[in-house]
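The structure appears below as structure tokens.
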Amino acid sequence: MRISAPLRRAGGKGGKFLPVSGRLLPGALQRPAANGGKARTMLDILGHLFAPLPMFMVIGGAGLIAVAQAGTSTAFSALASLKPLLRARPDDERDSARALLFKVEAVAQLKGLARTDRLENPHPFISQTLTTLANAADAEHFALWVHQAIHDRRARHARVIGFWNSLADAAPAVGMGGTIIGLIGMFAQMSDPDTIGPYMALALMTTLHGLILANAIAGPIANRLAALSEREIAWQQDMADRMIAIARREGSLFQRTSMREVA
């Protein structure tokens with residue numbers, strides 16, 4: 001029997017009428033297959049986005065430029081700065097330093113500056129400052145040391161921040177260089193359309209990775225480190241000024257006491 005309508009029988013004469021396409025399930029139940037295809041397409045796109053060659057070109061090229069500008073030691077320091085980048089708490093350290101200053105003042109008045117190194121604090125700068133205060137010849141020697149120490153810390157921070165800024169500046173230029181390489185390869189293979197795709201992908205991906213490295217990674221790291229450095233140096237400078245004042249006051253009291261004993 002001939003079926004003129006857009007239906008046909010399934011499974012012989014006694015079968016149910018089906019659409020010409022032969023699909024028995026409703027459209028809503030057939031969507032997972034389409035969604036699965038979309039998921040595979042998205043995975044393919046992500047695979048192209050994170051292709052190793054464009055990423056290696058951008059990260060490697062920008063990294064070499066930053067190392068050439070800042071030096072190898074600064075590059076290692078910049079990588080090491082990623083740990084305090086996430087764990088640094090300058091406000092908590094400032095509050096701890098302020099609380100310690102009251103103890104320093106009390107110990108200096110009761111037992112003298114030589115006993116201030118008995119106070120313990122886990123922060124390296126504070127611990128070293130207490131030790132230097134206890135062993136300094138006078139207040140002026142301590143002031144000279146602490147000002148130089150803060151200056152050195154500020155310089156180290158500036159070098160590390162400069163490395164990340166150099167990386168952020170170099171990344172878009174390196175990405176543009178990869179784009180030019182990809183375009184050259186694409187134009188060189190215009191006679192073979194099948195080979196144009198990879199070169200076009202290289203041209204676009206290197207630009208994208210350069211922008212991501214500059215604006216989403218290196219630039220934010222540099223800004224975060226700069227903010228942390230400013231807050232850290234601020235409380236360390238305040239602590240140094242107060243400890244210098246304590247050292248000068250206790251030193252003058254010691255001199256007056258010695259003069260009275262001699263008289």
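What follows draws every value from the coordinates through simple rules; no lab data is involved. Quick caveat, the model's predicted, so the values are computed rather than measured. In this analysis, Cβ positions are derived from the backbone assuming ideal geometry, glycine residues included, and neighbour counts consider all displayed protein chains.
A few remarks follow.
- As a rough footprinting exposure proxy, the listed residues GLU93, GLU120 were ranked by other beta carbons within 10 Å of their own, and the order from fewest upward is GLU120, GLU93.
- The separation of the stretch 135-191 from the stretch 57-100, counted between C-alpha centres, amounts to 10 Å.
- Proxy reagent accessibility, fewest Cβ within 10 Å first, across ASP241, ASP92, ASP117: ASP92, ASP241, ASP117
- Relative to its Kirkwood radius, the Cα radius of gyration of the stretch 53-262 gives an Rg/Rh of 1.28.
- Hull volume in cubic angstrom per residue (convex hull over the Cα atoms of the stretch 125-201): 95
- Note on MET57, MET176, MET42: ascending count of other Cβ atoms within 10 Å places them as MET42, MET176, MET57, the fewest first.
- An ellipsoid equivalent to the stretch 191-244, defined through the eigenvalues of its Cα gyration tensor, has semi-axes of 51, 6, 4 Å when rounded to whole angstrom and sorted largest first.
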